[in-house]
Every structure is written in C-alpha cells, then in structure tokens.
Amino acid sequence: MANEIFDLRVRNLEVLGTRDRSILSVPRLEAPAGCALGIHGPSGAGKSTLLFALAGLLGQTKGQVLWGPTDLNRQSERQRSRFRAANIGMIFQDFLLFDELGPVDNAALQTLFAPHARRPGIRRMARDLLTSLGIEQDSRSVASFSGGERQRVAVARALAHDPMIVLADEPTASLHRAAADALTDDLISRVEDRGCSLIVVSHDDRLLDRMDRVISLEHGTVTGGIAA
Amino acid sequence: MWQNFWQELSTNAQNALMAAGLVLPVLLCWVLVRRGFRPAPLVRAILWRYRWANAMFTLLIAISVGMGLGLIAQERGLRKGMAQAADKFDIVITAPGSELTMMLASVFLRATDTPLLDGPTYNEIANHPRVELAAPLAFGDSVGEAPVVGTTASFVTHLSDGRIEGRMFATPYEAVIGAAVPMQIGDSTIPAHGRGAAAIADAHADEITVVGRMARTGSPWDNAVLTPVEGVWLVHGLADGHAPGSEATLGEPFDAEYFPGTPAVIVRAGSLAAAYALRSEFTREAETMAFFPGAVLANLYRVMGDVRQAMSIMATVTQALVAASVLLGLFILVRLFQRQMALLRALGAPGRFIFAVIWSYCATLLVAGAALGAVLGLGATWVLGRIVTARTDILVEASLGWTELHLGLGFVTLASLLSLLPAWAQLRQPVVSHLRG
Ligand SMILES: Nc1ncnc2c1ncn2[C@@H]1O[C@H](COP(=O)(O)OP(=O)(O)OP(=O)(O)O)[C@@H](O)[C@H]1O
Ligand SMILES: [Mg+2]
C-alpha cells in the first residue's frame with residue numbers, strides 16, 4: 001500500500017531566523033509513506049516552521065528534506081512549485097482563503113493554474129469534499145463564513161487535488177468536537193486506505209491519539225517522540 | 001521598398017497601422033503571460049477587495065491621461081474652428097496696418113477703430129476682372145450683444161451659402177440675423193450706437209426689422225445683425241453710396257463719389273491663381289493691404305508652434321512623471337495582496353501564474369484609466385468647446401483624433417510594459433513571511 005517515493009527523511013535541517021538565531025534544528029526525522037505523524041509543542045516552538053520546511057517553502061535551508069528520492073532543499077523554485085502542486089496539500093493555521101470567492105472557487109483554487117486536463121477532476125473533488133464536510137455550496141463569498149466553516153473550506157482546498165502528502169497546521173482548532181472527530185476520521189482514512197502521508201500539528205489530544213506517532217517540539221528541537 | 005509601401009498608404013491606413021503597432025506589445029504580453037492560466041477570478045477578487053484604492057488609482061490615471069488628450073483635442077478643435085470661420089474669406093483688402101488686427105476686425109468681428117478705404121479704391125477692387133465678389137463692410141452699431149454689420153446681399157448669400165430662413169433684406173432698414181442672435185423674424189429694434197458697455201442707446205431714431213435668419217456658419221457672424229451697408233451709412237447721416245436719383249439701388253454698384261468709405265473689402269476670387277494675383281496687386285505701400293485670413297491664421301499657428309513645442313516637451317516630461325508615479329503606485333498596490341500571492345505559491349502555483357495575476361491586474365487598471373481618461377478628455381473638450389463657442393461663436397467641435405488615440409495607446413503600452421516590473425518584483429518576495437501575515 002505504502003508508496004516509498006513519499007517516504008520522508010529529514011537530515012540536519014537548520015532554519016535560521018533574523019540575526020542567525022536558530023528557529024528550528026532537526027538532525028533527524030523519519031516518516032515512511034502511509035504514516036500519520038503528529039507534532040505538538042508550545043506556542044513558538046517552531047511547529048509551523050517545520051511544516052513550511054517540509055513543503056519546501058523556506059527556500060534553500062541547511063540540511064536535507066527528502067521525500068523519497070527528491071531533496072526539496074536541492075531543487076529550484078520551479079521544481080518545488082511543481083512538487084507542491086502535484087503532491088502536497090497544506091492546511092494553514094489561519095486558513096488564508098480568498099474572501100471574495102465562494103466556497104467552491106476557494107476549494108478548487110488549483111483549477112486556475114493546473115493543467116487543463118486535471119481541472120474538471122479537481123473541481124468535482126472540491127465539491128464532493130465540501131459536501132462531505134457539510135459546507136453548503138451557494139455562491140455566497142466565504143467572507144461571511146464562521147471560523148469553523150472557513151477551516152473546512154481550507155481543508156477541502158488542501159485535499160481537492162488529491163495529494164499524497166497532507167501537511168495540516170491545527171486543522172481542528174476552530175471546529176466543534178463532532179466536526180473535529182469527523183475530520184480526523186477523514187484524514188486517517190486517507191492514510192489507511194490510500195497510503196497517504198499525514199503530518200499534523202495539533203493540540204487536540206483526540207486527534208493526536210489516532211496518529212501512528214507523535215513528536216514534541218520545544219525551542220525548535222524535537223524533545224520527545226512517542227510511538228503510538 | 002518599405003518606405004514606398006508606407007508612403008502609398010492612405011493617411012488613415014498609416015494611422016490605423018500605427019495604432020495597431022502600439023497595441024501589439026500589450027496584446028502579445030496579454031496572450032503570452034496568461035497562456036494556459038485562468039487568472040480572471042483572482043484579478044476580479046483583488047479588484048473588488050481593494051476597490052477604493054483601485055478606483056482612486058484609475059481616476060488619477062484617467063485625469064492625467066484625460067488632460068493630455070483634452071489639450072491636444074482642444075487645440076486642434078480651436079484651430080479647425082478658426083480655420084472654418086475664416087473659410088468664406090478668401091482675401092481681405094484693408095488700409096495698411098496689422099494683418100492680425102484687420103483680420104480680427106473683419107473676419108472675427110472684434111470691435112477696433114480701423115482706417116477706411118475710399119470709393120475709388122473700392123471700385124477699383126470691385127471692377128477688377130479677377131474679382132467675383134467684393135463686399136464693403138460697415139461697423140459701429142449693435143443690438144444688445146450683437147454687432148450690426150452693414151454689407152451687401154451677395155456677401156450674405158455667399159456667407160450663408162444661400163441658406164436663409166425668411167428672405168434677404170430688400171431695404172436699408174431690413175436685417176438678416178445670424179443663427180445665434182436672440183431675435184425672431186418680424187422683430188423690430190433700434191440699434192444702439194457703438195458696441196458693448198460703451199454703446200449709447202438713444203443715438204439713433206431709425207428702426208430696423210428682421211426679415212431673415214442665416215443658417216449656422218460656425219463663425220462670429222452667427223451673432224451679428226446684417227443689414228445693407230446703405231442702412232448703416234444712412235443712420236449715421238452719411239451718403240448711401242449711390243448718386244442722387246438712384247437711392248433705390250441696394251448694393252453694388254456703388255458710386256465712388258458718394259461712397260463714405262469701408263474699413264475692409266471682403267473679396268472672393270475665381271481661382272487660387274486669381275487670389276494670389278489679387279493679393280500682390282493690392283498690396284501697395286501706404287494705400288492698401290491685401291491678405292489671406294487663412295495664411296494669417298497659419299502664421300499665427302506657426303508662432304504658437306514654438307510655444308506648442310515647448311509645451312509638448314513639458315507634456316512629455318509630465319507624462320514620464322505620470323508613468324513613474326503609476327509605476328510607484330502599482331508597486332504599493334501590489335503590496336496589498338502579497339499575502340494572497342504567497343498563498344498561491346504555497347499551493348504550488350507556477351511563478352508565471354502569479355505574474356499573470358499581477359500583470360493582468362495592473363493592465364486592467366491602466367486600460368480602464370486610459371479609457372476613462374479618453375472619455376474625460378473628450379468631455380472636457382466638449383465643455384471647453386461649448387464655452388469658446390458661446391463666447392466667440394467660433395464653432396469648436398470636440399473629437400478624438402488619431403494623435404490622441406496614438407498618445408493614449410502609447411501610454412497604455414508603455415505603462416503596461418513597465419508594470420511587468422512590479423509583477424516581477426512580487427516573484428522575488430519571500431513566501432513564508434507573507435504567509436505568516
Ligand atoms: N523570519 C523569522 N525570523 C525570526 N524569527 C522567526 C521568523 N519566523 C518565525 N520566527 C520565530 O520562530 C518561532 C517559531 O515560529 P512558528 O510559527 O513555527 O511557531 P509555532 O510552533 O507554529 O507556534 P504557534 O503554536 O503559536 O503557531 C517563533 O518564535 C517565531 O517568532
Ligand atoms: Mg504555528
């Protein structure tokens with residue numbers, strides 16, 4: 001089931017902030033494809049930074065971020081864009097929706113630049129996801145959506161192009177318990193049924209309980225790894 | 001060979017090709033930058049989210065473009081209007097003096113004291129074989145704002161191309177009015193002596209009656225009351241230009257001995273060659289001066305041409321400054337949606353897509369601004385034209401010509417190409433710091 005071209009191996013990752021302060025230092029981290037990895041830690045620990053690094057958004061950082069054979073840190077801007085568009089679905093901590101667009105247009109944002117052939121599929125998937133997440137698909141713009149509704153639109157956007165890697169930053173923070181559990185089920189089933197890799201930053205214990213493995217980050221370093 | 005090809009094209013074809021050449025870079029950019037992408041929904045979203053900033057920016061572009069276009073259109077409209085107003089006046093013969101003053105007095109009916117030509121001189125002109133029409137003029141009175149101009153029936157027919165509602169005057173006390181004079185056919189009035197504020201109301205006793213109205217000529221003559229020259233002379237107690245016994249005659253021929261004098265003779269020649277011959281024949285030192293009003297205007301424009309050139313250098317500098325501020329404005333506006341662009345890149349959008357969104361947004365503002373500017377410029381020209389026409393009766397028409405089109409397109413093209421810069425600069429921005437907001 002697992003697809004080893006998406007095995008994650010991080011080696012000596014160093015992210016420096018202003019004045020060369022180390023924000024994140026990860027000597028070694030592994031997550032085979034089809035694995036659900038949870039990350040928790042106090043605010044400012046570097047959890048979001050780690051997700052950005054795994055998505056190849058930090059530019060040339062020190063060390064290696066290997067997804068299977070691909071070292072994102074050695075790739076050009078263009079190659080990393082392609083890799084993200086094809087393989088990574090990101091759920092951002094503060095959603096980042098286009099307020100002027102409706103839920104479907106937001107969830108299907110990738111259709112604006114994806115290859116023609118893939119567009120209808122992405123749009124269909126976006127609609128299905130919104131339905132299953134309980135978002136009404138009227139043409140109202142998402143500006144008037146509640147926090148929880150916005151979070152679900154952001155989830156649909158991350159999954160609409162059917163990525164093999166899902167990086168989620170606090171995906172259940174704005175959801176009530178039942179919705180959070182439903183989303184957790186959805187994300188876990190992607191891992192179990194289809195061999196996707198799931199890396200989730202969360203403070204939600206019910207979500208973390210269902211991960212294969214949970215690591216904790218503190219001051220930019222991995223301080224504990226609990227095997228589930 | 002290319003030069004030949006170009007020269008053989010009609011002016012319109014040349015202008016159209018130039019316009020096409022000016023838009024081509026933008027169209028090419030539009031197609032190349034956006035190929036394979038669908039940036040429109042995002043461009044619309046950005047336009048809407050920052051609608052006030054965008055509207056202000058568009059308006060600023062519109063005003064600066066509109067002013068540039070309006071000035072050019074207005075200048076051309078005025079030039080055309082003046083040329084058209086002078087069109088019926090082939091040659092003017094006056095006593096020696098300043099051609100400009102004489103032209104303003106005789107063609108544009110500006111009140112000035114002018115020396116007179118006597119009867120023998122008038123007759124020499126009128127009887128010249130190359131002359132088709134020689135009309136004496138008489139000024140001095142007014143009805144309200146309208147000057148009373150004494151002349152001949154044949155000149156009124158020439159001036160109005162025979163388009164007269166009612167009929168031609170048939171006695172010294174009848175009048176044909178210009179299209180803009182606020183009187184009706186059948187109205188009677190006693191003209192005041194003099195013009196404007198200095199006019200004396202009760203100086204004359206004789207009433208004149210309006211019997212006809214000329215169609216619009218687009219010249220100051222639209223605001224004149226035209227009577228037989230004999231009428232003006234008689235009212236002022238002068239001879240009426242005809243020997244005793246033939247008082248019943250109206251208009252040509254005049255008797256030199258009873259001719260009180262005329263400040264100007266409006267002459268129509270049979271041909272261009274005849275006009276040139278007449279001009280040189282009646283250009284006599286200390287006696288007469290003959291000139292083509294069209295040529296005087298052309299000279300005037302030539303003098304103004306130097307000023308225009310200075311102005312056009314200033315205009316170019318201004319346009320460059322406008323383009324620079326537009327560029328700066330775009331850099332600032334683009335910063336407003338850095339976060340959205342960072343998001344798109346995080347989602348894996350190719351750089352060219354981001355580029356397409358930003359550039360389409362910039363180009364939309366520029367095109368909208370320039371189009372609005374064209375409308376504003378045309379509107380301003382129209383309003384100014386109306387004001388000039390109301391003040392001078394010189395018909396100034398608002399129209400956008402090729403020059404303005406080229407200028408507008410040139411601005412759009414230049415500015416759009418420049419706005420590739422902010423689009424490019426956006427691509428250099430770090431993604432994550434904008435994602436964090
Ligand atoms: N460009 C930067 N320069 C310097 N410091 C930075 C930069 N970006 C982030 N930081 C700092 O790095 C630390 C880690 O930030 P990060 O957003 O990864 O924290 P987090 O673990 O996601 O916290 P939270 O739970 O509050 O979201 C913070 O202290 C932050 O202020
Ligand atoms: Mg965070």
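The values are calculated or read from the model by the stated rules, or taken from the named source; none is laboratory data. Keep in mind that this is a model prediction, so the values were computed, not measured. Counting neighbours? That spans all protein chains shown, and the Cβs are built from the backbone with ideal geometry, glycine included. For accessibility, only protein heavy atoms count, side chains too; no ligands or nucleic acids. Shrake-Rupley method; radii C 1.70, N 1.55, O 1.52, S 1.80 Å.
Would you please classify the overall shape of segment B:82-170 from the alpha carbon gyration tensor, given that a ≥ b ≥ c denote the square roots of the eigenvalues, rounded means a/c under 1.5, and beyond that prolate means a/b larger than b/c while oblate covers the rest?
rounded
A simple count of charges around A:S146, restricted to other residues whose Cβ falls under 13 Å of its Cβ and scoring Lys, Arg +1 and Asp, Glu -1, yields +1. Restricting the calculation to Cα atoms, the protein assembly as shown shows an Rg/Rh of 1.30 when the hydrodynamic-style radius is the Kirkwood one. The mean number of Cβ atoms from other chains found within 10 Å of a Cβ in peptide B:32-38 is 2, as a whole number. Solvent-accessible surface of segment B:221-289, averaged per residue with a 1.4 angstrom probe and all protein chains in place: 43 square angstrom. Taking the helices alone, chain A has a mean residue ellipticity at 222 nm of -9500 deg cm²/dmol, built from -39,500 (n - 2.57) per DSSP H run of at least 4 residues and averaged over all its residues. Simple rule: put +1 on each Lys or Arg Cβ and -1 on each Asp or Glu Cβ in segment A:56-115, find the dipole, and look at A:N73, A:L58, A:L101; the Cα lying farthest toward the positive end is A:N73. Given R0 = 56 Å, the distance between the Cβ atoms of B:R163 and A:R140 translates into a calculated FRET efficiency of 0.30.
Cα gyration tensor of segment A:73-228, axes a ≥ b ≥ c as square roots of the eigenvalues: rounded (a/c below 1.5), prolate (a/b > b/c) or oblate? Could the numbers behind the result be given before it?
Numbers: a/c = 1.74, a/b = 1.25, b/c = 1.39.
Since a/c reaches 1.5 but b/c is at least a/b, the shape of segment A:73-228 is classed as oblate.
With viscosity set to 1.567 mPa s at 4 °C, what whole-number translational diffusion coefficient in µm²/s follows for chain B from Stokes-Einstein and a Kirkwood radius over Cα pairs? Provide the component values of the computation, followed by the final result.
On the way: Rh = 26.1 Å.
For these conditions, the coefficient is 50 µm²/s.
The share of accessible area on segment A:147-188 that comes from carbon and sulfur is 50 percent, using a 1.4 angstrom probe.
Within chain B, which whole H helices from DSSP have a Cα span along their axis of at least 18 Å and a mean Kyte-Doolittle hydropathy of 0.0 or more, if any?
Numbers: long enough: B:11-34 (34 Å, 1.36); B:51-85 (47 Å, 0.58); B:293-336 (59 Å, 1.26); B:351-392 (60 Å, 1.36); B:402-418 (23 Å, 1.24).
Helix filter hits for chain B: B:11-34, B:51-85, B:293-336, B:351-392, B:402-418.
Based on protein heavy atoms only, chain A ends up with 43 Å² per residue of surface accessible to a 1.4 Å probe. Rounded to the nearest whole Hz, the Karplus-based 3J(HN,Hα) values (6.51 cos²θ - 1.76 cosθ + 1.60, θ = phi - 60°) of segment A:111-127 follow the sequence 5, 5, 10, 5, x, 3, 4, 8, 4, x, x, 4, 5, 4, 4, 4, 4, with x at glycine and proline.
Provide the net charge surrounding A:D94, with neighbours chosen by a C-beta distance below 13 Å and charges set as Lys +1, Arg +1, Asp -1, Glu -1. So the environment of A:D94 carries a net charge of 0. Projecting the Cα positions of B:A248, B:F291, B:A205 onto the charge dipole of segment B:91-291 (unit charges on Cβ atoms of Lys, Arg, Asp and Glu, taken about the Cα centre) puts B:F291 furthest along the positive direction.
Under 29 Å Cα to Cα from B:K80, which lysines show up? Leave out anything in the same chain fewer than 8 places away. Output for B:K80: B:K88. Kindly identify segment B:1-104 as rounded, prolate or oblate by the Cα gyration tensor criterion: order the square roots of the eigenvalues as a ≥ b ≥ c, call it rounded if a/c is under 1.5, otherwise compare a/b with b/c, prolate if a/b is larger, else oblate. Taking the square roots of the gyration eigenvalues as a ≥ b ≥ c, segment B:1-104 is oblate.
Counting only residues at least eight positions apart within a chain, or on another chain, the aspartates and glutamates with an alpha carbon under 13 Å from that of A:K62 are A:E14, A:D20, A:D71. Loop-located GluC sites (Glu not before Pro) in segment B:148-248 (DSSP state not H, G, I, E or B) with no more than 15 neighbouring Cβ atoms inside 10 Å: B:E207, B:E247.
Surface burial for B against A, with a 1.4 Å probe and both sides summed, reaches about 2300 Å² of accessible area. Placing a label point 7 Å from the Cα of B:A111 along the Cα-to-Cβ direction, the residues of segment B:259-284 whose backbone N falls under 17 Å from that point are B:263.
About its Cα centre, the dipole of chain B is roughly 4920 debye, where the only charges are +1 on Lys and Arg Cβ and -1 on Asp and Glu Cβ. Over segment B:205-342, with every protein chain in place, what whole percent of the accessible area is carbon and sulfur at 1.4 Å, could you tell me? Carbon and sulfur together cover 61 percent of it. About its Cα centre, the dipole of the protein assembly as shown is roughly 4740 debye, where the only charges are +1 on Lys and Arg Cβ and -1 on Asp and Glu Cβ. Residues of segment B:417-437 buried by at least 40 Å² of accessible area upon assembly of all protein chains, compared with the chain on its own (1.4 Å probe): B:V432, B:L435, B:R436.
Hey, any idea what Rg/Rh is for segment B:91-291, computing Rh the Kirkwood way over Cα pairs?
Working: Rg = 16.0 Å, Rh = 16.9 Å.
So for segment B:91-291, dividing Rg by the Kirkwood Rh gives 0.94.
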